[in-house]
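The values are calculated or read from the model by the stated rules, or taken from the named source; none is laboratory data. The model shown is predicted, which means the values in this text are computed figures rather than measured ones. Note: ideal-geometry Cβ built from the backbone for every residue, glycine included; neighbour counts use all protein chains shown. These area figures cover heavy atoms from the full protein model, side chains too; ligands, DNA and RNA do not enter into them. Shrake-Rupley method; radii C 1.70, N 1.55, O 1.52, S 1.80 Å.
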Amino acid sequence: MFTGTTPYALNLGYTDGSQMRASEKIALTDRIARELESRYDYREIDAYLGEFGIQTPHNWNNWDNKREYSKIHLYGESTDKIIGIAEDLGIDDLHSRHGISSPPQCWGETTCFRLFISHVAKDKDKATRLRDCLLPYEISGFVAHEDIDATLEWQLEIERALYTMDGFLAIHTKGFRDSYWAQQEVGFALGRGVKIISFKMDEDPTGFISKHQALARKNRTAEQIAAEVDTLLSNDPLTSTKLTLAKKNNSLDEEIPF
């Protein structure tokens, strides 16, 4: 059973658990949950977490997603314990392994839901418009051609966003399917196993994401599309917890009378 010691942190690139950023802890927790989902059934997940002193309610019939079941019981655990579980499962930290230890500058320490918005360069205005309409829902969109400062290394900032995103939205305007960079970003999102939303404007989604129903424009405004994106993320087991937490954290100021 895990005793709370910190040698695990040394293997993962941290001298102690307290040096891990909150965003990194959430990302590592998600990787653990995905690993547990692929290895074990519900009973085995309960047994495994129990070895680390994490109690579960055994209410498997109330869940249809092992990843979300695992994550909800990992949230709130100490950083050292999360690192210990990752070490036991053979998970090395994806940020330190790739020289990436923080989100892109535009996300900084945000507590909003982080949505990577993939688009072709000529349609950056559409991506930016949608990004701005998503913010009232506590969804912070990353638009590469607008959110990267000219003094920062362009590709590294995109990689930071891809490694720390909570979800991925592809804007399928004309030329998206032929864009090398756009297809690389889609492949990255598929590899990470994050929630993917395809927003169809001029083209149908192609490749592995074509099997999922796309969000259609239907002459709707950016505000209407943003509202539907919020609904999709709120109702999906992969993203609902993080988005709910973002809304809860960012609603505190509204409760303070002025």
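Checked against the criterion of being part of a helix (DSSP H, G or I) and more than 20 Å from V194 (Cβ to Cβ), the candidates I72, I83 yield just one match: I83. Scanning segment 19-44 for residues that are charged (D, E, K, R) and not in a helix (DSSP H, G or I) gives R21, D41. Of a type in the set (A, V, I, L, M) and within 21 Å of G167 (Cα to Cα), is that true of A47? Here the answer is no, as A47 does not meet what is asked.
What number of residues within segment 187-238 are of a type in the set (S, T, Y) and open to solvent by 60 Å² or more (accessible area, probe 1.4 Å)?
So the first thing to find is which residues in segment 187-238 are of a type in the set (S, T, Y), and the list is 198, 206, 210, 221, 231, 234.
With open to solvent by 60 Å² or more (accessible area, probe 1.4 Å) added as a condition, the list becomes 210, 221, 231.
Adding up the residues that qualify gives 3.
I need a count of the residues in segment 188-203 that are in contact (Cβ under 8 Å) with a residue 12 or more places away in the chain and not in a strand (DSSP E or B). Counting residues in segment 188-203 that are in contact (Cβ under 8 Å) with a residue 12 or more places away in the chain and not in a strand (DSSP E or B) gives 9.
Tell me the helices (runs of 4 or more DSSP H) entirely within segment 105-172 that contain at least 1 residues that are modelled with pLDDT of 90 or more and under 21 Å from D204 (Cβ atoms). Walk me through how you get there before you give the answer.
Details: elements: 124-134, 144-147, 154-164.
In segment 105-172, the matching helices (runs of 4 or more DSSP H) lie at 124-134.
Condition check for G4 on (1) modelled with pLDDT of 80 or more; (2) among the small types (G, A, S); (3) not in a helix (DSSP H, G or I): one failure, at (1).
Residues of segment 45-60 include at least one that is at pLDDT below 85, surrounded by fewer than 19 Cβ atoms within 10 Å (Cβ to Cβ) and in a helix (DSSP H, G or I).
When restricted to residues that are in contact with a helix residue (DSSP H, G or I) (Cβ under 7 Å, 6 or more places away or on another chain) and either in a loop (DSSP other than H, G, I, E, B) or modelled with pLDDT under 90 (or both), segment 176-187 contains 1. Pairing residues of segment 121-133 that are within 19 Å of A216 (Cβ to Cβ) and open to solvent by 10 Å² or more (accessible area, probe 1.4 Å) with residues that are of a type in the set (A, V, I, L, M, F, W, C) and not in a helix (DSSP H, G or I), at Cβ distances under 7 Å and at least 6 apart in sequence or on separate chains, gives D123/I171; K126/I171. For segment 55-71, the condition of being over 19 Å from the mean Cα position of the chain (by Cα) and aromatic (F, W, Y) holds for at least one residue.
Cβ-Cβ distances below 7 Å connect the following pairs, each with a first residue in segment 47-76 that is more than 11 Å from L36 (Cα to Cα), a second residue that is open to solvent by 30 Å² or more (accessible area, probe 1.4 Å) and β-branched (V, I, T), and a separation of six or more residues or different chains: I72/T241.
Of the residues K218, K248, which is without any contact (Cβ under 8 Å) to a residue 40 or more places away in the chain and not in a loop (DSSP other than H, G, I, E, B)? It would help to see each step written out before you state the result.
On the way: K218 fails: not in a loop (DSSP other than H, G, I, E, B).
Just one listed residue meets the conditions, K248.
The single condition among (1) closer than 23 Å to T128 by Cα; (2) assigned to a helix (DSSP H, G or I); (3) hydroxyl-bearing (S, T, Y); (4) open to solvent by less than 60 Å² (accessible area, probe 1.4 Å) that T241 does not satisfy is (1).
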